[in-house]
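The values are calculated or read from the model by the stated rules, or taken from the named source; none is laboratory data. Worth saying up front: this structure is predicted, and the values here are computed from it rather than measured. Quick reminder, even Gly has a Cβ in these numbers, built from the backbone with ideal geometry, and neighbours come from all protein chains shown. Surface accessibility is based on the protein's heavy atoms, side chains included, excluding ligands, DNA and RNA. Shrake-Rupley method; radii C 1.70, N 1.55, O 1.52, S 1.80 Å.
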Amino acid sequence: MTPKTPTSLHCHTFSRAVALAAIAAALTLLAPPPPARAQTANDTVLDAREALRKRDKSRLAATRAAALAANHPLAMWADYWELGNRLAEAQQDELNAFYARWPGSYVEDRLRNDWLLELGRRRDWVNFRVEYPRFKLNDDREVSCYALLTRHLDGQDVLDDARAAWLAQRDADDGCALLASTLFEARRLGPEDAWRKTRLAVEANRVRMARQAAALLGDEVANTVGELSDNPQRYLTRKASTKDRGASELTALALIRSAANDPDVAATSMNERWAARLPAELSSWVWASIGKQAALKLSDGASDHFQRAELTRTGPVEVALPDDTLAWKLRAALRANGGAGRWQQVMQAVNAMSPTEQREPAWIYWKARALLALAGSSQEGGTLSAQAHELLASIANPLHFYGKLATEELGQPLVLPARPAPPSPEERSAAAQHPGLQRALLLIDVGLRNEGVREWNFSLFGMGERELLAAAQLACERQIWDRCINTSERTREQVDMEQRFPTPFRADVVARAREAGLDPAYVYGLIRQESRFVATARSAVGASGLMQLMPATAKWTARKLGIDYTQDRITDHGTNLRIGTGYLKLMLDSFDGSQAMAAAGYNAGPSRPRKWREGPSLDAAAWAENIPFTETRDYVKKVLSNATDYATLLSGQPQSLRARLGTAIGPHVGAPSPVERDLP
């Protein structure tokens, strides 16, 4: 949304006379008509959106017709909503007519996505085969499964792609289930595939998907999977056995489900009965699952469970564990031995990951750290150190968390990329005249932000780096900060850090940060992650404003700090900043000045990082990597990486992420302060 007050942004400056002359015509298209007329025209589209929400078919048809008759620039959206609302009864010729009306647009591609799903459900493979090659974004997993099915029906070998798509499926959708059942009936997928899929689903607590996969093995198996998912301990006590492979698989599933509830209980069951009875590969999987669940609880014994997975009663065993389980094996190894780490286990975890996963900067970094740790006690220390430095050099990059850490590990300063040439007047004019970007800005202006973001992102598809910089600049100048940042972040070679890290509300942010005793760069890094500087942002759980304050937190903090506050002021950027920085300072003080723990507390609530800091004292990067919540783990890394970049931009001098992280994080020493006990 457009902020109500002027902002300060380090964006490119240009020759105003030349630039304005070049884009004046394009910007005219974006200028609103007289107020009363604009209100009436835009109301038609907004009424159409409201009719869709209410599923009012007659009202939706009428508003669609009115928008089309008025030739409203957003008429295609009303058209999309109306046809999409009755897609189950639509015919191909209606879709073809829609495509002809809006060729090359976002709504054409999105409706084609919806129609491909409908064709798959209808088993209309003739029209599906025609439509699928025209699907530009091709970003729907279920559609991809339907497409693989049509290739199989055409006699092509799709086994590897089909297995990968099915195993990666996160929801029990029709497309991937139909693909799997068809290949299973054709004996291309076998019982071992069905059991593996069921294990993955049970471990992820996706019971419906687990039953769907188990149904390939028979209805009785599917029903049993449902039963053991509901009460694994009862199943283990009353029905579990290892009399044959199927019974062993079901017992393993119950143990996996039990581990999710209580890994210690599952470990006891394995030690007392099942480890000696299960087939070696199933025993290994169960121990790894117990290790993962223990690692998620930051249990000191997690690494030991993973060691049990490597060596069963019959000797060493190799099982193709999921990448996510292996990631938790690595994290558990970082915490092992009182925080000193089991570096050989870190190496084993990374080396067992899929080739794609092994290329992730996080795992390259920790593998390099493992090599450096092992080099000290190895006769081949020089070789190991050289390998470690080669790995670190491969990811050293000031643009992301582990790239920064790798750079500093090599003893190099964090130097930001050289600023590219600003977009030329011609490039800026092309961005301003881009029909999709124009529609996106209009959608955002009239309050349809979600639709505007989707339209904007589609419009970026296929753009070169110079076009992306120009589009980002357009969003910056319109103060659509989330599109400014996200668009600029798509470039790989021409990196404009000041465009990626804008400083809206600069005077207020700096003043409120200093008033609270905070580093302005830290505040900027957090706001960038929280709201992307959208002052009116509101999350699904009710967090609001620049610093995404929860209503109860805002009220408590305002009372604590003596700030005059009413709930209707939560999105006022000045009020939001004052309360948000005050709360962040209280959080920081309660965590002994640790920016990593304060960021974790800001995202997940202060009670959680208090718990996460218990146990061994850890390297701060290892502590951040062990945060159990995926969202919070990612959040902490990004906030601190953001803050490091902002500190460089604000100071003009290279900064250190490692210094910002601190050296180690461990249990709090001394009694908690009253603020720490009360902090919401």
* **Residues (closer than 17 Å to residue 92 by Cα and loosely packed, with under 13 Cβ neighbours inside 10 Å) located in segment 131-158** => 133, 134
* Filter result (assigned to a helix (DSSP H, G or I) and of a type in the set (A, V, I, L, M, F, W, C)) within segment 614-631 -> 620, 621, 622, 623, 624
* Asked: Could you count how many residues in segment 324-334 are touching a helix residue (DSSP H, G or I) at 6+ places or on another chain (Cβ under 7 Å) and open to solvent by 20 Å² or more (accessible area, probe 1.4 Å)?
  -> 0
* For residues that are out of contact with any Phe, Trp or Tyr (no Cβ under 9 Å at 6 or more places or on another chain), open to solvent by less than 20 Å² (accessible area, probe 1.4 Å) and in a loop (DSSP other than H, G, I, E, B), scanning just segment 479-512, find the one that is nearest to residue 580 (Cα to Cα). => 496
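Okay, residues lined up against (1) assigned to a helix (DSSP H, G or I); (2) exposed (fewer than 15 other Cβ atoms within 10 Å of the Cβ); (3) modelled with pLDDT of 95 or more; (4) touching a strand residue (DSSP E or B) at 6+ places or on another chain (Cβ under 8 Å):
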position	(1), (2), (3), (4)
209	yes, no, yes, no
220	yes, yes, yes, no
226	yes, yes, yes, no
233	yes, no, yes, no
241	no, yes, yes, no
* May I ask you to verify whether residue 546 is open to solvent by less than 20 Å² (accessible area, probe 1.4 Å) and either assigned to a helix (DSSP H, G or I) or under 25 Å from residue 105 (Cβ atoms) (or both)? => no
* Structure fact -> Of the residues in segment 66-80, those that are out of contact with any Asp or Glu (no Cβ under 9 Å at 6 or more places or on another chain), in a helix (DSSP H, G or I) and over 13 Å from residue 43 (Cα atoms) come to 69, 79
* Options 64, 49, 53: the member that is out of contact with any helix residue (DSSP H, G or I) (no Cβ under 9 Å at 6 or more places or on another chain), at pLDDT 95 or above and closer than 21 Å to residue 450 by Cα -> 53
* Structure fact -> Here the qualifying pairs (Cβ atoms under 7 Å; residues six or more apart or on different chains; first in segment 54-70 and more than 14 Å from residue 86 (Cβ to Cβ); second open to solvent by 60 Å² or more (accessible area, probe 1.4 Å)) come out as 63/47
* Asked: Do you know which residues across segment 182-225 are more than 26 Å from the chain's Cα centre (by Cα) and of a type in the set (Lys, Arg)?
  -> 187, 188, 211
* segment 348-368: number of residues that are farther than 13 Å from residue 401 by Cα and β-branched (Val, Ile, Thr) -> 2
* Exactly one of (1) surrounded by 16 or more Cβ atoms within 10 Å (Cβ to Cβ); (2) among the β-branched types (Val, Ile, Thr); (3) under 26 Å from the mean Cα position of the chain (by Cα) is unmet by residue 630. Its number? -> (1)
* Asked: Which of the residues that make up segment 570-601 are among the small types (Gly, Ala, Ser), more than 25 Å from the chain's Cα centre (by Cα) and under 23 Å from residue 506 (Cα atoms)?
  -> 574, 582
* Asked: Within the bounds of segment 265-288, is there any residue that is touching a strand residue (DSSP E or B) at 6+ places or on another chain (Cβ under 7 Å) and under 30 Å from residue 624 (Cβ atoms)?
  -> yes
* Structure fact -> Residues of segment 286-323 being open to solvent by 20 Å² or more (accessible area, probe 1.4 Å), part of a helix (DSSP H, G or I) and farther than 22 Å from residue 608 by Cα, in sequence order, are 304, 305, 307, 308, 310, 323
* Any hit, segment 432-451, residues being open to solvent by 20 Å² or more (accessible area, probe 1.4 Å), within 22 Å of the chain's Cα centre (by Cα) and farther than 30 Å from residue 658 by Cβ -> yes
* Asked: residue 275 is checked against (1) of a type outside the set (Ser, Thr, Tyr); (2) under 30 Å from residue 610 (Cα atoms); (3) open to solvent by 10 Å² or more (accessible area, probe 1.4 Å); (4) touching a helix residue (DSSP H, G or I) at 6+ places or on another chain (Cβ under 7 Å) and fails just one. What number does that condition carry?
  -> (2)
* To do: State whether the residues of segment 181-195 include one that is touching a Ser or Thr at 6+ places or on another chain (Cβ under 8 Å) and either surrounded by fewer than 17 Cβ atoms within 10 Å (Cβ to Cβ) or within 24 Å of residue 354 (Cα to Cα) (or both).
  => no
* **Residues of segment 107-130 satisfying the condition of being open to solvent by 10 Å² or more (accessible area, probe 1.4 Å), of a type outside the set (A, V, I, L, M) and touching a residue at least 40 places away in the same chain (Cβ under 8 Å)** => 110, 121
* Structure fact -> Of those in segment 409-424 that are surrounded by 18 or more Cβ atoms within 10 Å (Cβ to Cβ) and not hydrophobic (A, V, I, L, M, F, W, C), the residue nearest to residue 72 (Cα to Cα) is 423
* Asked: Given segment 340-379, what helices (runs of 4 or more DSSP H) lie entirely inside it while holding 3 or more residues that are crowded, with 17+ Cβ neighbours inside 10 Å and under 28 Å from the mean Cα position of the chain (by Cα)?
  -> 343-352, 361-375
* Asked: When you look at residue 257, is it part of a helix (DSSP H, G or I), open to solvent by 10 Å² or more (accessible area, probe 1.4 Å), among the charged types (D, E, K, R) and touching a residue at least 24 places away in the same chain (Cβ under 8 Å), yes or no?
  -> yes
